[in-house]
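Bear in mind these aren't lab numbers, they're just calculated from the coordinates by the rules spelled out. Only a predicted model underlies this, so the values are computations on that prediction, with no experimental measurement involved. Glycine also receives a Cβ, built like all others from the backbone with ideal geometry; neighbour counts cover every protein chain displayed.
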Amino acid sequence: MLTHLTYGLLPTSLLALLTVLPVGSAWSIFEPRQSKEKPLNQVLASQKSLSTYYELVKQYPDILLQLPSYDGVTLVAPNNDAFDKFHDWDPQNKSLVTNLLEYHILQGTVSTASVPVGVSTFAKTLLNDKKYANVSEGQQMLINKGGDDVVVFTSGLGSRSTVVEPDLAFTGGLVQIVDTLMVPPARLEPTTRDAYKDLQSFLGALYAADLVSEFADATDVTILAPRNSAFQLVAGTLEDLDKKALANILRYHLIPNQVLSSTEFQNGTNLTTANDAIPDLTLHVTRAGNNVYFNSAQMLQPDILIANGVVHIIDAVLNPDARAATPDPAIGTQAPVFPVTGTKTAVGTKAPVPFTSDFPCTVDCPISTASSEPTGSADGAATTTTTGLRLSSSKGFAARCTGVPAQAGAAAAAAMLVGAVGMEFVGLV
Ligand SMILES: *[C@@H]1O[C@H](CO)[C@@H](O)[C@H](O)[C@H]1NC(C)=O
Ligand SMILES: *[C@@H]1O[C@H](CO)[C@@H](O)[C@H](O)[C@H]1NC(C)=O
Ligand SMILES: *[C@@H]1O[C@H](CO)[C@@H](O)[C@H](O)[C@H]1NC(C)=O
Ligand SMILES: *[C@@H]1O[C@H](CO)[C@@H](O)[C@H](O)[C@H]1NC(C)=O
């Protein structure tokens, strides 16, 4: 909680601003009593680059009716170019458009000046529909400001959206014009299987231990996900475990009921995990300079948003029986906490990725078990960094994975939102 933005409260009456509009009626908003700030419709109408967004907002006025319940909001408004880049969606699909626009509204007024430089900050949005997100009180978006003072929003599957016209004030808050549509974070499965392939082993292990639902359907989670090479290193040990023992280890990687951004891990604190098999088991956090460790495992890539929380990539599999393991920040690679001997596989991108044969659709689906490359490896049917998106489109992966119907819909929805956006992925470490 400590690092969440403290929002400025705007002393405005959104009720005065937003007259209840029957759907389909003319767009009419009363002038607010405050004279200095303009009403939202004036601000939107005055920006040529927002004409598409303005039309959509007028078409779906229900969204604006929620705004008065917040002490100010920030409209992250995609410009016309952003909508031009976004194909294959149906602007008449009310559920889709409503949820998409809700994901583009932050709770509280977030001015670009209030965003700290070089620190990732989570901000809650108005997206609450369980079909799209299982984060209580609103799905999050990640905000970053670089040294050049440019503010970037990061969302699902590492998609990024840059503020091109900052801080347009209206009576209920601020409008930030951005160059790309934001993608509501996808579920854990497509995120780890398709977008961050370096986490395929972790996902496979969850399937092997029957834990996917526990990790992906819970509301509010923080997941520490070891990369593939971490599993490769101890594959001989882990692959021989029975389901219960494996689950015992994997649950140590789940922090339930909290969505913790990387900046919220405080040095010397202990986290409660989903592993309740061992009494008083906690996970110890160490911060040393820019490094963050969980026991002795180092955080490699932080803050990957998913539908029900956040994933941080770590460099080693955590062992609940080695909870006293501490890092030596002076060295790059910490001692393994599982026996390395007896490894069935070698480490490296050419070596097999443990547990990927536990994916529910290995026969039908074009999974490359020999690749632990990050996104971007070309592999025939589904290629390039948009793999995850293409794979989960109607022609691809998720649609064929009949073993996982529950996630297919959400993945398809995410793909629909994402598919044509010209995604920029955050590279894997
Ligand atoms: C949210 O959780 C419910 C189960 O509680 C699940 O059915 C739904 O698919 C989840 N939504 C997403 C977007 O994952
Ligand atoms: C972090 O905590 C460790 C003990 O867990 C302590 O030895 C170290 O001095 C702390 N570092 C800082 C920067 O406070
Ligand atoms: C965290 O756990 C360790 C080991 O059990 C203990 O020594 C330490 O005091 C705990 N720290 C806090 C802040 O509770
Ligand atoms: C609207 O889009 C969602 C998400 O892609 C989809 O599940 C739903 O079937 C669509 N509804 C209509 C009426 O097309």
Given the peptides 201-207, 164-170, arrange them by the average over their residues of other C-beta atoms within 10 Å, most packed first. 201-207, 164-170
Suppose R0 equals 45 Å; then what is the FRET efficiency for Asp328 and Ala45 from their Cβ-Cβ distance, rounded to the nearest 0.05? 0.15
What does the highest-first list of 122-134, 149-161 look like by mean Cβ count within 10 Å? 149-161, 122-134
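Order by neighbour count: His87, His284, His253, fewest other Cβ atoms within 10 Å first, most last.
The fewest-first ordering by Cβ neighbours comes to His87, His284, His253.
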Given points 7 Å out from each Cα along the Cα-Cβ axis, report the Leu65 to Val150 separation in nanometres with one decimal. 4.0 nm
For Lys350, which lysines qualify as cross-link partners when the Cα separation must be under 29 Å and same-chain residues fewer than eight apart are set aside? Lys197, Lys243, Lys395
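Arrange the following residues from fewest to most other Cβ atoms within 10 Å of their Cβ: Asp88, Asp280. Mind dumping the intermediate values first?
Details: Asp88 12, Asp280 7.
Sorted ascending by nearby Cβ count, the order is Asp280, Asp88.
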Whole Å is fine, so just give me how far the alpha carbon centre of segment 324-341 lies from that of segment 216-260. 18 Å
